[in-house]
2 protein chains.
Amino acid sequence: MTAAQGQTPQPVLIAGRWRPATLRGTFQAENPATGESLPQVFPISTWDDCDAVLDAAGDAARQLLELPGERLGDYLNCVAQRIEHCADELVACAHAETGLPATPRLRDIELPRTTNQLRQAAWAAAEGSWRLATIDTQADMRSWYAPIGPVAVFGPNNFPFAFGSSSGGDFAAALAAGNPVIAKANSSHPGTTQLLAAQAQEAAEETDMPRGIIQLLYRLEHADGQRLVADPRLGATAYTGSRAAGLALKAAADRAGKPIYLELSSVNPVVVLPGVLAARWTEIADEFTASCLLGTGQFCTNPGLVLLVRGSASDRFVAAVAARFDATPPGVLLSRGVQTSLQQSVECLCGAGAERVTRAAVPEGSGYRCPNTLLRVDGARFLADPARFQTEAFGNAALVVVAADLDELCQILKQLEGNLTGCVYSDPAGADDDAYARVARLLRPQVGRLLNDKMPTGVAVSPAMNHGGPYPATGHPGFTAVGIPAALRRFAVLECYDHVHPRRLPRGLSDANPHGSMWRLIDGRWTQDDVPSRG
Amino acid sequence: MTAAQGQTPQPVLIAGRWRPATLRGTFQAENPATGESLPQVFPISTWDDCDAVLDAAGDAARQLLELPGERLGDYLNCVAQRIEHCADELVACAHAETGLPATPRLRDIELPRTTNQLRQAAWAAAEGSWRLATIDTQADMRSWYAPIGPVAVFGPNNFPFAFGSSSGGDFAAALAAGNPVIAKANSSHPGTTQLLAAQAQEAAEETDMPRGIIQLLYRLEHADGQRLVADPRLGATAYTGSRAAGLALKAAADRAGKPIYLELSSVNPVVVLPGVLAARWTEIADEFTASCLLGTGQFCTNPGLVLLVRGSASDRFVAAVAARFDATPPGVLLSRGVQTSLQQSVECLCGAGAERVTRAAVPEGSGYRCPNTLLRVDGARFLADPARFQTEAFGNAALVVVAADLDELCQILKQLEGNLTGCVYSDPAGADDDAYARVARLLRPQVGRLLNDKMPTGVAVSPAMNHGGPYPATGHPGFTAVGIPAALRRFAVLECYDHVHPRRLPRGLSDANPHGSMWRLIDGRWTQDDVPSRG
């Protein structure tokens, strides 16, 4: 009998109340830095909890429709402020559950990023330009994007705050678009998600939001998750995580005609062209090492695949990166599952013929760790099994593909699956320009974000960001999970008002601009003005 | 042996050449006004034709990426002009294949609408604002919507020009967004589609477009259609037609992670509130009859479900509509299939308890016809089997549901599936305002376009149009099939350029506004200006 048995499981958050779950079972999180179970016991919910959550979310969604965007903005700002106020507790809990460094990572990078996102979303909700309000005065028609209904958010393991299901980008975007959130905690950090949901719930009370605007379940059987994303009461789902689990949810949602936005695996190819490699291989080895090992390599945009053309520079580069990898103490991985999966991916790549160029020594230090791993394979061998060589090794590992020449490198690019990002390093003086043109033409359609001379791990919360890309990196290439206002439109429906009496139009579609700052497309012109008076 | 046997089947259009199909079989269209087969023989293609079409479309897509939008605009304008030049031939062929009146419908309404759409799309392609170019100068990031790749268009039976796969709204939107089109003719009007594809192909030659910008197949086995929409070489699919066939294609595309935009069945509820019904029942009976029988009721937005509150006015209204239906000679239906399906739907509704209030007499006149049919059912009975009573009766039939009171009417609204449109008629003096508020709150989330005091059959090509709606009316509630620029964004991917050298940016994302008229969101402000110079 473990210490935890007999403990009362933590409550779930349903319809504004923390209450006991209807139990299918329980689980505990682990501290990946020690391998020890953490004391709290969390419930695995039955469908009854999902059912209650869906009913309450539907009620909340209807009430949210009546609130002006400014009220949602106040709410999101309040969530941000509360997160800052309990930063110590949040950082300690997230550190224990994820092994991510308390500082600078959790406290100084991820937490400010999270509150910044929430405040940007708050501003977008209040301001309303995200709705792309379109007014045709001649046809007497007006349209805009409006809330889609309750959004289920399945958060990933790697960003407990910034992508957390009760605090992160999807949470902020769904709410800013006017939808209640059903948060499904990531099972690796249920305590952090609970603390964040508590902030979101208290903020809801403080700002007088509908009950059920934020609800929390910790874990579901797979069948219940699939039933949840297909439920008629749900508006849409956002999922970030592994490909297998994501595709199972996608299949269920697709069959029911429910939008689901997925962010799945991505190997994020980096092409370093010969001219710049010869001139700058040491700096690029530094940049690559820093990017690839950041957060123990557990970033969605981690550069996991490097493409080079054979030559003395590529040998030097590979040796330089290997030396840096070997010299860097490997960080803790997020969980035993991540460690196992990383080991399996590396074995899979080696089994296919990739050669390990870093030491395979078992790393020092407690907890779940793998050695920093650099693998190398020739272009010809890659081309013999391109799908296998694109196996994502989520964590502190990368594969370098050394092509015989630029033609072979281009053949490899043609075999790439969809990815979130693709980087090309080229000679600033122009020596690589012809090669760049060939490479960019092939890489561009395969990636959501194309970078020059820069590693992909920084994901700025910019209106121009695309954190998305072609399948299977995501489920639809037209949407981004990061970047406001575009990320909000995932959780919206297009609504048209045809010949609707002026007094019955929503405020944002009325003649008067609601607050003088909302951008609207009126008779083909983007403007913050009112609709010109007729006649 | 029929007259057609032994005839050489009509050629398919692949990679810019009319050539013999690889045959799985042949078929002929019928003249629905006579029931007779039309003389031309058309091929049912094997997968080999699909394979060739996909290869050529991929080549064309890559070439289109290099062309400025103005060139696509020239192309689409040229298509419009050519369609006008051969209007006589097109109208004659479409009339023979669909039974739709040559005039005014085909020549004076649908053909001008089609060329108007093409010209609006041409303008959008040249002007570029549809791309929602977004520039963040501080983060040095730029994004916009870019072409998604070859688009397969499965056109419907009911608008041979305006929604035709080689001339209509999806064709225009896909091309304006920079994508080649693979047209799959509707089997009921292959000759019309061929004539239109010939115009599109000749326009391609005249304006020096890539070979394969428009290709045409007439008919495929279902399995080949499903393989086509899932092929890695394809970008996306647009389908308008029956729910069963559409959902089979959706399942195939979803499994492959390929976007598919569906426009399926819709009963388009019309609520006439008590105040306005008592005051204006004759005018509304006129409006409803005209809208419901327009094109023999074969409109996507045909009002097929009327919701009333019981009373003497509703009795008078039903009797008035029935009289008008009985007094109007029923038009020809598009095909034997439409006739059969309409008969089955009416039987299904009657079997569930709907009562026929129009005469069931076999209509006079040759060809495929059904009597104009008005059915009536009480609200309580509707609520006993709401799914069955929402069976679409595509054609000249409608169901009136008479609720006991407004509460029951609201219960019915809660049972509605997703629809393209929803109309509410209310007293202009305000007598229905409370009822309107209740009804609109329930109807709004179920429909893409909400109308006041107006029937839904006019679908203006307006930037503010939404010809879309919640599943199962379409496959995704965030997209519209009509309305420029929004319809173009279905066929686009979001592309981000992060730190990309200015000389390598696409023209529309460069500092200089390409032609001074493209709207771009620069640092949070929509503008037609250049990016301000730095420093």
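Side notes on the structure shown:
- Put in order of Cβ neighbour count within 10 Å, fewest first, the listed residues A:Tyr368, A:Tyr471 become A:Tyr471, A:Tyr368.
- Length available on full extension from A:Leu406 to A:Ala92: 0.36 nm per residue minus the Cα-Cα distance, which gives 108.1 nm.
- Residue (of A:Ser242, B:Leu132, B:Ala473) at the positive-pole extreme of the protein assembly as shown, dipole from beta-carbon charges: A:Ser242
- Charged side chains reduced to their Cβ positions (Lys and Arg at +1, Asp and Glu at -1) give the stretch A:269-452 a dipole of some 400 debye around its Cα centre.
- Modelled this way, with points 7 Å down the Cα-to-C-beta line, the labels at A:Asp434 and B:Glu355 are 8.5 nm from one another.
- Put a dot 7 Å past the Cα of B:Phe27, heading toward its Cβ, do the same for B:Ser366, and the two dots end up 2.4 nm apart.
- The mean number of Cβ atoms from other chains found within 10 Å of a Cβ in peptide B:519-526 is 4, as a whole number.
- Relative contact order %, the stretch A:207-283, counting alpha carbon pairs below 8 Å whose residues are six or more apart: 27
- Counting only DSSP beta bridges with both residues in chain A, the antiparallel share comes to about 40 percent.
- Distance in nm between pseudo-label sites at B:Ala327 and A:Ala256 (7 Å out along the Cβ direction from Cα): 4.9
- As a proxy for reagent exposure, ranking B:Phe154, B:Phe161 by other Cβ atoms within 10 Å from fewest up yields B:Phe154, B:Phe161.
- Helix B:336-351 and the longest principal axis of the C-alpha atoms of chain B enclose an angle of approximately 40°.
- Separation between Cα centres of the stretch B:435-451 and the stretch B:462-523, rounded to whole Å: 28
- Nearest-ten-degree value, helix A:111-127 long axis tilted from longest Cα axis of chain A: 40
- Shielding by partners, peptide A:453-463 (average Cβ within 10 angstrom, other chains): 4
- Extension gain for A:Asp286 to A:His499 (0.36 nm times residue separation, less C-alpha to C-alpha distance): 70.5 nm.
- Where only DSSP H runs of four or more residues are counted, chain B gives -11000 deg cm²/dmol as its mean residue ellipticity at 222 nm, each run worth -39500 (n - 2.57).
- Spatial separation of Cα centroids for the stretch B:191-236 and the stretch B:321-396, in angstrom: 36
- Part-to-part distance (alpha-carbon centres) for the stretch A:54-132 and the stretch B:134-159, which is given in Å: 30
- Share, in percent, of DSSP beta bridges within the protein assembly as shown that are antiparallel, nearest 5: 35
- Excluding same-chain neighbours fewer than eight residues apart, the lysines reachable from A:Lys454 by a Cα-Cα span under 29 Å are A:Lys414.
- Degrees between helix A:312-327 axis and first principal axis of chain A (Cα, 0 to 90, nearest 10): 70
- Near A:Glu347: Cβ cut-off under 12 Å, other residues only, Lys/Arg at +1 and Asp/Glu at -1. The net charge is +2.
- Calculated FRET efficiency for the pair A:Gln344/A:Thr34, C-beta based, R₀ 35 Å, to 0.05: 0.95
- Basic side chains Lys and Arg get +1 at the Cβ, acidic Asp and Glu get -1 at the Cβ, and with that the dipole of the protein assembly as shown about its Cα centre reaches some 720 debye.
- At an R0 of 25 angstrom, the distance between the Cβ atoms of A:Asp55 and B:Arg441 translates into a FRET efficiency of 0.90.
- Relative contact order (percent, whole number), chain A, Cα cutoff 8 Å, 6+ residue spacing: 17
- Phi angles of the stretch A:494-507 translate, via the Karplus equation with coefficients 6.51, -1.76, 1.60 and θ = phi - 60°, into HN-Hα couplings of 7, 10, 10, 10, 10, 6, 7, 4, x, 6, 9, 6, x, 3 Hz per residue; Gly and Pro are given as x.
- Burial ordering of A:Ile148, A:Ile214, fewest other beta-carbon atoms within 10 Å first: A:Ile148, A:Ile214
- What the Cα atoms of the protein assembly as shown give is an Rg and a Dmax of 29.7, 93 Å.
- DSSP assigns beta bridges within the stretch B:269-452; of those with both partners inside it, close to 10 percent run antiparallel.
- Sequence-ordered 3J(HN,Hα) estimates for the stretch B:239-248 from the Karplus curve with 6.51, -1.76 and 1.60 and θ = phi - 60° stand at 10, 10, x, 6, 5, 4, 5, x, 5, 5 Hz, glycine and proline given as x.
- The mean sequence distance of close C-alpha pairs (under 8 Å, at least 6 residues apart), as a share of the length of the stretch A:269-452, puts its relative contact order at 29 percent.
- Computed about its Cα centre, the charge dipole of the stretch B:347-473 is approximately 380 debye, with only Lys, Arg, Asp and Glu carrying charge at their Cβ.
- The HN-Hα couplings worked out from phi for the stretch A:142-152 by the Karplus form 6.51 cos²θ - 1.76 cosθ + 1.60 (θ = phi - 60°) are 9, 9, 6, 8, 10, x, 8, x, x, 10, 8 Hz, whole numbers, x standing for Gly and Pro.
- Calculated FRET efficiency for the pair B:His85/A:Trp47, C-beta based, R₀ 51 Å, to 0.05: 0.25
Read-outs: derived from the displayed coordinates by stated rules, not from any lab. Owing to the predicted nature of the structure, the values given are computational and were not obtained by experimental measurement. All Cβ positions, even for glycine, are placed from backbone atoms using ideal geometry, and neighbour counts span all protein chains on display.
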